[in-house]
Amino acid sequence: MVCESDNIRYLKGVGEKRAALFSKLGIDTVDALLRFYPRSYEDWSVITPIRDARGAGTVCIKAEVISDVKENYIRKNMVLYKFNVKDHSGLMSVTIFNNKYAAEKIRVGEEILLYGKLSTDSFYFEMSSPQIRPVGFDIIRPVYSTTHGLTSTAVESAVKVALTSINLNEFLPRSIIENNKLCSREFAIKNIHFPESTNALNEAKRRLVFEELFMLQSGLLLIKNVNRGKTPSVMKNDFTEEFYKLLPFSMTAAQKRCVSDAILDMASPSPMNRLIQGDVGSGKTAVAMACCYSAVKNGYQTALMAPTEILAEQHYKSFEAIMKNSGINIALLIGSLTKKKKDELKARLENGEIDIIIGTHAILSDNVYFKNLGLVITDEQHRFGVKQRATLQEKGNSPHILVMSATPIPRTLALIMHGDLDVSVIDEYPKGRQPIETYCVDTSYRERIYNFIKKHIDDGRQAYIVCPLVEDGEEEGGLVSAEEYFEELKNSAFSDYTVGLLHGKMKPKEKDCVMRDFSLGKINLLIATTVVEVGVDVPNAAVMVIENAERFGLSQLHQLRGRIGRGGYKSTCILISNSSSAKEKRLKTMCETMDGFQIADKDLVLRGPGDFLGNRQHGLPELHIASLESDLAVLKSAGVQAKRLIEDDPLLKLAENAAFKSQVEKMLSKANSN
């Protein structure tokens with residue numbers, strides 16, 4: 001017998017060389033092999049008549065051989081073997097390419113099974129290169145993803161060996177299995193790889209999809225409870241009213257609600273783990289300031305980490321402007337500072353002279369120490385992995401954690417992405433925030449658009465043009481590249497204006513320099529890629545043009561659009577697309593609403609969860625069989641039941657949950673080691 005944790009090389013028929021090939025597919029253990037589910041199936045159990053097979057995709061046909069095999073030599077090393085078959089519905093010609101062994105098995109008068117696709121460009125019914133099996137081979141056969149040197153058949157053989165050499169123990173709580181009428185784990189694993197029937201395959205899938213989503217959400221809730229622990233940084237006094245008096249504006253009810261949520265968390269004996277989620281321009285920074293102010297007034301240091309130097313500088317200036325007469329010491333720690341300046345700041349931070357430190361990854365350096373860190377804030381938290389957040393957290397003694405995101409996420413996906421955090425949403429705009437008029441046009445309007453931009457620049461405003469590519473030739477399809485566009489516009493239509501270029505392949509210092517010049521008004525028109533999606537506030541920017549808008553997701557377009565309309569000027573976003581279907585469907589949404597959450601929900605329906613989760617989200621377990629696109633109902637149901645389980649047993653200490661806890665911890669450990 002083998003164990004699920006055993007290395008795959010110990011399976012009969014695998015060995016070290018083949019194990020190295022399996023490793024390329026992410027399979028190192030027997031458990032990983034059994035979770036390497038088939039990507040599709042060959043269903044030999046459903047027989048399709050010849051007359052119904054054309055245009056039906058891959059089918060299985062049972063037919064009688066009615067002619068001898070004829071050899072046709074096309075050229076050296078290329079032989080075609082042709083024969084005819086019939087069933088009750090008609091005749092069909094069959095061609096085998098260069099496979100003498102298969103051809104020699106064909107006998108006139110025998111019934112055979114043929115698995116493949118019928119040609120659609122032939123007057124006759126014709127099938128080329130089918131798989132051929134004797135009658136009785138009526139099974140559903142797995143098809144696996146492969147790598148060079150490792151076929152689907154080899155994976156199939158290894159799975160068969162594993163299933164005959166292992167005991168598949170149950171680990172889901174009995175109540176969960178019974179309440180959801182799930183099949184056993186043993187039945188599910190065996191039938192997901194080698195289904196007894198279509199019904200058995202569906203039951204196996206149902207169990208494994210639920211199991212995966214239930215484990216994921218239970219794991220995130222477990223992390224939340226484990227992190228609860230205790231913190232010495234209990235904020236005994238609330239100074240928010242005092243902070244509000246420093247502001248030159250009134251905070252919205254939504255902002256105040258988020259501040260209250262955080263202050264309440266920080267007053268408890270458990271460390272806060274809260275996400276402030278707000279649309280572009282909703283005022284998250286002011287919420288962060290209020291939390292920092294109260295923390296400092298309670299005697300604790302705070303740290304705010306931003307993804308770029310220029311964004312960190314912007315936060316620093318905002319904090320300084322509001323708190324300049326409050327007696328609070330604020331400092332900026334970024335990589336571009338001189339060593340002498342950095343050393344000076346670090347010394348002041350360690351002895352407690354600095355109350356609020358704002359910076360980039362530089363704050364994570366090993367030689368950065370705090371005297372009494374009580375609150376950690378990360379801005380645009382999706383730019384930081386779980387490990388980076390944990391590193392900053394470890395610089396204090398269980399400090400409170402506040403993370404901020406300007407990326408509206410559908411509430412369904414928030415269950416997955418932020419299951420380990422409490423969530424507060426800023427769902428209204430501050431007063432004075434300008435609505436952005438949005439239009440979608442085709443390329444025939446480009447000359448008029450240029451004149452529109454020039455008019456705004458002449459009036460003292462600035463503009464962006466966003467392109468999907470960095471340089472020409474990156475992709476096919478007539479897409480506009482930033483570099484090519486920049487060269488063209490600065491030498492023609494905008495030769496009398498200052499034009500800048502910004503893209504992701506530039507060095508960080510070059511990008512910061514361009515953005516600084518743009519924010520200072522030295523650049524009139526900025527040609528950029530999506531690197532501007534998260535950037536500094538440029539209140540003077542009032543026009544954004546997005547080329548090939550159909551290439552972007554709605555949520556990304558909304559993020560880009562959020563770069564304008566940040567001042568008191570009427571702002572306009574123009575989406576250029578020649579795709580009539582895109583304009584009619586997706587891009588129409590952009591012209592109708594400014595609500596980022598409504599747009600995110602629409603994006604989820606139209607494009608699936610990829611825009612939000614990406615291929616892999618740092619620190620999140622990988623989904624092997626569940627789909628956040630097609631299994632949303634299961635996600636919700638599993639989430640409700642996971643919450644109920646963790647409420648009844650917060651740390652999964654009960655004996656009946658021991659096996660489940662072990663599996664969840666293994667899943668989380670693997671995710672965080674990736």
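Couple of notes before you dig in:
- A viscosity of 1.567 mPa s and a temperature of 4 °C, combined with the Kirkwood radius over C-alpha pairs in the Stokes-Einstein formula, give segment 240-426 a diffusion coefficient of 78 µm²/s.
- Spherically averaged projected area in nm², based on the convex hull that wraps the Cα atoms of the chain: 37.6 nm²
- Separation of the V234 and T58 label points, Cα + 7 Å toward Cβ, nm: 6.3 nm
- H88 paired with I139, simple spin-label distance in nm, labels 7 Å along Cα-to-beta-carbon: 2.7 nm
- Short-range pairs are left out: with C-alpha atoms under 8 Å and at least six residues apart, the relative contact order of the chain is 13 percent.
- Under-5 Å amide H pairs with I377, H placed in peptide plane, nonlocal only: A303, L304, M305, L402
- Within segment 630-674: backbone nitrogen closer than 15 Å to the S5 label point (7 Å, Cα to C-beta): 659-670
- Note on the chain: antiparallel DSSP beta bridges, both residues inside, total approximately 35 percent of the bridges counted.
- Size of electric dipole in the chain: Cβ of Lys, Arg +1 and of Asp, Glu -1, about Cα centre, debye, nearest 20: 720 debye
- Charge dipole of the chain about the Cα centre (unit charges at C-beta), most positive-ward option of Y81, A154, L526: A154
- Where only C-alpha atoms are counted, convex hull volume of segment 134-191 per residue in Å³: 135 Å³
- Of the three principal axes defined by the Cα atoms of segment 158-303, the extents in descending order read 71, 33, 31 Å.
- Residues E241 and E394, FRET efficiency given R0 of 25 Å [Cβ-Cβ distance, rounded to 0.05]: 0.15
- Beyond 21 Å, the tail of the calculated P(r) for segment 46-138 holds 25 percent of the Cα pairs.
- Label-to-label distance, nm, for residues given as N199 and A267 (7 Å Cα→Cβ offset): 5.9 nm
- The packing ranking, built from the mean of other Cβ atoms within 10 Å per residue, places the peptides 2-11, 289-298 in the order 289-298, 2-11, highest first.
- Among K661, K507, sorting on how many other beta-carbon atoms sit within 10 Å of each Cβ, with the fewest leading, yields K507, K661.
- Think of each Lys and Arg Cβ as +1 and each Asp and Glu Cβ as -1; about the Cα centre, that makes the dipole of segment 1-159 roughly 520 debye.
- Share of pairwise Cα separations in segment 436-593, more than 25 Å, in percent: 22 percent
- Relative contact order (%) - criterion: Cα under 8 Å, at least six apart; region: segment 1-120: 23 percent
- Rounded FRET efficiency, nearest 0.05, which uses the C-beta distance separating E592 from T153 and R0 of 35 Å: 0.10
- The order of Y445, Y300, Y101, Y124, going from fewest to most other C-beta atoms within 10 Å of their C-beta, is Y101, Y124, Y445, Y300.
Each reported figure results from applying straightforward, stated rules to the coordinates on display, with no laboratory input. Note that this is a predicted model, so its numbers are computed, not measured. Every residue, glycine as well, gets a Cβ built from its backbone with ideal geometry; the counts of neighbours run over all protein chains shown.
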